[in-house]
1. Mind listing just one residue for me: the one in segment 343-354 that is at pLDDT 90 or above and open to solvent by 50 Å² or more (accessible area, probe 1.4 Å) and, of those, farthest from Tyr405 (Cα to Cα)?
2. Quick check on my filter: what residues within segment 330-339 are surrounded by fewer than 21 Cβ atoms within 10 Å (Cβ to Cβ) and either more than 28 Å from the chain's Cα centre (by Cα) or in a strand (DSSP E or B) (or both)?
3. If you check every pair at least six apart or on different chains, which have Cβ atoms under 7 Å apart with a residue in segment 149-163 that is over 16 Å from Ser180 (Cβ atoms) and among the small types (Gly, Ala, Ser) first and a residue that is modelled with pLDDT of 90 or more and open to solvent by 20 Å² or more (accessible area, probe 1.4 Å) second?
4. Which one is nearest to the chain's Cα centre (by Cα) among residues in segment 198-208 that are in a loop (DSSP other than H, G, I, E, B) and closer than 19 Å to Gly270 by Cα?
5. Would you pick out the residues in segment 234-252 that are assigned to a loop (DSSP other than H, G, I, E, B) and in contact with a Leu (Cβ under 8 Å, 6 or more places away or on another chain)?
6. Out of all the residues in segment 389-398, is one or more closer than 24 Å to Gln212 by Cβ and not aromatic (Phe, Trp, Tyr)?
7. Could you go through segment 173-182 and let me know if any residue there is in a loop (DSSP other than H, G, I, E, B) and either over 24 Å from Lys277 (Cβ atoms) or aliphatic (A, V, I, L, M) (or both).
Amino acid sequence: MEDEAEIYDGIRAQFPLAFGKQQKSQTSLEAIHNATRRSTAGAAASTASNSSNKTNEALPSLSSSSKAWLDSLRNSKSLNPNPNDSVIGPPRPPPGPVPDEDDEDVMVGPPPPPPGSGEDDDNDVMIGPPRPPVGPSSDSEEDEEENRYRIPISNEIVLKGHTKIVSALAIDHSGSRVLSGSFDYTVRMFDFQGMNSRLQSFRQLEPFEGHQVRNLSWSPTSDRFLCVTGSAQAKIYDRDGLTLGEFVKGDMYIRDLKNTKGHVSGLTCGEWHPKTKETILTSSEDGSLRIWDVNDFKSQKQVIKPKLARPGRIPVTTCAWDREGKCIAGGIGDGSIQIWTLKPGWGSRPDIYIEKSHSDDITGLKFSSDGRTLLSRSFDGSLKVWDLRQIKAPLKVFDDLPNNYAQTNIAFSPDEQLFLTGTSVEKESTVGGLLCFYDCSKLELVQRVGISPCSVVQCAWHPRLNQIFATSGDKSQGGTHILYDPALSERGALVCVARAPRKKSVDDFEAPLVIHNPHALPLFRDQPSRKRQREKILKDPVKSHKPELPITGPGHGGRVGSTKGSLLTQYLLKQGGMIKETWMEEDPREAILKYADVAAKDPKFIAPAYAETQPEPVFAKSDSEDEEK
């Protein structure tokens, strides 16, 4: 074997290195992640301090990233006005007695500790290098703050494909499949395991023609998902996008909603039970919430009618389960939040009723894992934190969060240290859509991250992947932004970004198959080519039934025209006087009577047919002469 290897190396040395089959150069993961790195990852995420002024000055956005970067540089310069005084690396050893030049005992190793009062004490002997000098450092505090929350926002990819804003988002519990629904009436399905760096969806659905997709929710086992549209009927699909069923629509002419078998108006929200895979909750514009069994699409299990100040139908704008599936929360159109506890014999009377919680429609509700805290998001541009043990007033109100979409939600981080929500873009605003992160314990703003020039609607922080999802868009485009950190995140976006698309080769070409069957029936027989014969028929005016072209001049011989003549010969005959048009000057009666004698002497049409059988006319003689006598 060694001799063969030597022979091969000797022969291979006679050829250039570029000869023969070369190995494909693989792009390193570092280069791939550098390509997806956010340009505003360091500057766009600012740490919020206790003072509101500092928070407003350091707000990140797509347009202020450069400004934030320059401000950070100025702050670092102001902290160290003298560059010579800045200490880089370990501190200098303390000054001591200078050894003589003749002394050959050169000190090896770290310097001895500085003399102190506890030098004689054996317990105070310091081992190792000296401690760094203790002093205030704002940079270290910011780093500690960022490391404490560990928000994965260094890299970003975008799942595109929708032509309007993405209003619904759902990630299965394993983190392998992502669903995105849009105002363009479609749902796109993305699979991280089968997707390459082109980030294309593997399936597109249109649940209900002409109705916007308003919410998507996976089952606890991730084998089915719920699709809620603007129609009155929710649909259930399997994991591959095949329709499993559609819930029934109720009778709109029945006044009492408890007597209808389903919703009678458009749906607003829907969510799968977090523990039971057969139970689904939906809310509608007809003013009711309904609990369904996925095994029975013909009728609901329970109808919940919210408490109202006066009788009527006020839409339920959103709904949510708690973490254990024992409580239901509903946001009512009158601004109230109502919570029902599932227990034996429970009815429509809410256990918790928060009146006038918001001044406008509620777009999102979210329970904490312990079930004691509730977050609410509304059209009034606020986010409120409620303690369900004390519902008289919210614990905290966060304002200046513009919201223009009824699907804007709230999400918790996996450890529930943070909660986040998106903001919409206003007409006169210069800041794009933001993701705002808040501390759950301190109830203060932590970071604002610029996501897109368009509005941010739905957001989610997946616990297994440790990646943040945010949907955005406007009237002409829509996409799902995925924020991740290669050092903190797992799978998900890391898998598909590192997978390059397969290059097309010559072997991929497939010629269209043509089946020749000469003995088939005439209906299935291949017709021979008759191209020349068809061209010849088209040139023949009789066979092609070509109509006569209209005359563009005054007519002649029964044909109507508009000019002096359409043909050259006709024009020349008129100019030479051979064709005289005198019909304009003749009397029509005289022109007809001049043929009367000829018709009587030499009949051509009617008289010859009856020449042999026609009797001679016998006219009665006039009696006028006899009467006169």
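1. By that ranking, first place goes to Asp351.
2. Matches in segment 330-339: Asp334, Gly335.
3. Listed pairs, sorted by first residue: Ser154/Asp485.
4. Taking the candidates together, the pick is Glu206.
5. Result: Ala234, Gly241, Gly250.
6. No; the residues of segment 389-398 include none that is closer than 24 Å to Gln212 by Cβ and not aromatic (Phe, Trp, Tyr).
7. No, because not a single residue in segment 173-182 is in a loop (DSSP other than H, G, I, E, B) and either over 24 Å from Lys277 (Cβ atoms) or aliphatic (A, V, I, L, M) (or both).
Residue-wise test of (1) over 30 Å from Phe183 (Cβ atoms); (2) more than 28 Å from the chain's Cα centre (by Cα); (3) surrounded by 14 or more Cβ atoms within 10 Å (Cβ to Cβ).
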position: Thr341; (1), (2), (3): yes, yes, no
position: Asp360; (1), (2), (3): no, no, yes
position: Phe367; (1), (2), (3): no, no, yes
position: Phe379; (1), (2), (3): no, no, yes
position: Leu383; (1), (2), (3): no, no, yes
position: Gln390; (1), (2), (3): yes, yes, no
position: Pro394; (1), (2), (3): yes, yes, yes
position: Asn403; (1), (2), (3): no, no, yes
position: Gln407; (1), (2), (3): no, no, yes
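The values are calculated or read from the model by the stated rules, or taken from the named source; none is laboratory data. The shown structure was predicted, so the numbers you read here are calculated from the model rather than taken from an experiment. Ideal geometry is used to build each Cβ from the backbone, glycine not excepted, and the neighbour counts take in all protein chains shown. For the accessible areas, the whole protein counts, side chains as well, though only heavy atoms, and no ligand, DNA or RNA atoms are used. Shrake-Rupley method; radii C 1.70, N 1.55, O 1.52, S 1.80 Å.
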